Amino acid sequence: MSRKPIIAGNWKMHNNNAQSVELTEGLKAELKEIDKNLLPEVVIAPVFTSLYVVNEELNKCGCGKIKMASQNCYYEPKGAFTGEVSIDMLKDFSNLEYVIIGHSERRQYFNETDEMINKKAIAILANGLIPIVCCGETLEQREEGITDKHISTQITKAFENISAEDTAKSVIAYEPIWAIGTGKTCDSVEANRVIKMIRETIKSLKGENAANSIRILYGGSVKPETIEEQMAQSDIDGALVGGASLKADSFAKIVKGAMAKASV
Ligand code: PEP
């Protein structure tokens with residue numbers, strides 16, 4: 001089964017409005033000459049405060065080559081939740097299709113739990129958007145030999161009470177925590193092995209169709225030099241990119257490195 005690859009850039013807490021627009025313009029220029037059908041899905045995740053201006057900038061070209069994600073959301077629709085942003089509010093942005101949830105930085109610094117991630121995933125899907133559910137092990141967990149157990153537990157909890165149909169539409173990002181922002185990329189064959197294990201977990205929970213349809217990305221120090229080998233793996237459907245997404249030329253190189261799989 002062919003799954004459309006996704007290259008998603010997580011800008012984290014970088015870029016004010018002017019910088020966000022500049023980066024978006026740069027990326028648009030880099031991808032200008034390429035036929036949309038030959039590209040993977042290209043997704044950028046600015047900070048909340050820049051979603052408006054980036055959305056406007058994307059509307060200007062009207063080419064639909066670049067979509068947006070938010071880096072987080074809250075699962076309640078509205079109310080007394082100071083500082084939070086609901087999914088309904090994210091739907092104001094016509095180019096926003098994805099919401100990243102459960103990033104290790106949110107789990108680590110903001111105490112996001114598997115239960116919250118599950119509530120967010122349910123609410124995102126109920127609102128017609130697509131969750132990018134992050135999972136991954138620490139170096140200690142890897143050294144202890146509990147990587148697979150830890151990740152399959154994260155995935156099982158994240159997809160509780162979600163139908164096979166909604167699971168099929170979702171996206172998972174496998175991001176070994178020790179590889180995020182460290183420059184140490186996980187060996188591609190090993191990343192593919194873990195991703196296959198995640199697919200098997202989805203198969204046992206939701207059936208074969210969901211397992212074959214769900215897109216599973218690799219994240220953790222993806223660079224222009226690593227993407228082709230990563231995309232050559234059987235089960236890696238794209239990348240979630242942090243640092244290298246903050247420069248238009250390096251992110252565009254990663255996007256281009258995924259084109260061979262995008263046009264299969
Ligand atoms: C990330 O933030 O999800 C990430 C993978 O970051 P980096 O590419 O910088 O390791």
Requested in this report: For region 100-118, name all the residues that are farther than 16 Å from Leu129 by Cβ and among the aliphatic types (A, V, I, L, M).
Outcome: Met116
Query raised in the report: Looking only at region 78-96, which residues are under 21 Å from Thr167 (Cα atoms), out of contact with any helix residue (DSSP H, G or I) (no Cβ under 9 Å at 6 or more places or on another chain) and not in a helix (DSSP H, G or I)?
Result: Lys91
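How many of the residues in region 205-226 are crowded, with 19+ Cβ neighbours inside 10 Å and either touching a residue at least 40 places away in the same chain (Cβ under 8 Å) or within 11 Å of the ligand (Cβ to nearest atom) (or both)? Quick ask: steps written out before the conclusion?
Going residue by residue through region 205-226, those that are crowded, with 19+ Cβ neighbours inside 10 Å are 206, 210-211, 214-222, 226.
Going one step further and asking which of them are either touching a residue at least 40 places away in the same chain (Cβ under 8 Å) or within 11 Å of the ligand (Cβ to nearest atom) (or both), we end up with 206, 210, 214-222, 226.
The qualifying residues number 12.
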Query raised in the report: So Lys184 fits all but one of (1) over 19 Å from Asn118 (Cβ atoms); (2) modelled with pLDDT of 95 or more; (3) not in a helix (DSSP H, G or I); what number is the exception?
Result: (2)
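One line per residue, one yes/no per condition, for (1) closer than 14 Å to Ile6 by Cα; (2) at pLDDT 95 or above; (3) surrounded by fewer than 21 Cβ atoms within 10 Å (Cβ to Cβ):
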position	(1), (2), (3)
Cys135	no, yes, no
Ser152	no, yes, yes
Ser170	yes, yes, no
Gln230	yes, yes, no
Asp237	yes, yes, no
Leu246	no, yes, yes
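Criterion first (modelled with pLDDT of 95 or more and assigned to a loop (DSSP other than H, G, I, E, B)) does Ser204 satisfy it?
Working: modelled with pLDDT of 95 or more: yes; assigned to a loop (DSSP other than H, G, I, E, B): no.
Answer is no for this residue.
May I ask you to say which residue of Ile117, Ile122, Ile180 is of a type in the set (A, V, I, L, M, F, W, C) and open to solvent by 50 Å² or more (accessible area, probe 1.4 Å)?
Values: Ile117 fails: open to solvent by 50 Å² or more (accessible area, probe 1.4 Å); Ile180 fails: open to solvent by 50 Å² or more (accessible area, probe 1.4 Å).
Only one candidate passes the filter, namely Ile122.
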Query raised in the report: Taking region 97-127 as the region of interest, how many residues are part of a helix (DSSP H, G or I) and either over 20 Å from Pro176 (Cβ atoms) or within 16 Å of the ligand (Cβ to nearest atom) (or both)?
Result: 18
Query raised in the report: So Asn37 fits all but one of (1) in a helix (DSSP H, G or I); (2) under 19 Å from Ala239 (Cα atoms); (3) open to solvent by less than 50 Å² (accessible area, probe 1.4 Å); (4) among the polar types (S, T, N, Q); what number is the exception?
Result: (3)
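The values are calculated or read from the model by the stated rules, or taken from the named source; none is laboratory data. Just so we're clear, the structure is a prediction, and the values are computed from it rather than from any experiment. Positions of Cβ are generated from backbone atoms using ideal geometry, with glycine treated the same way; all protein chains shown enter the neighbour counts. Only protein heavy atoms, including side chains, enter the accessible area calculation; ligands, DNA and RNA are left aside. Shrake-Rupley method; radii C 1.70, N 1.55, O 1.52, S 1.80 Å.
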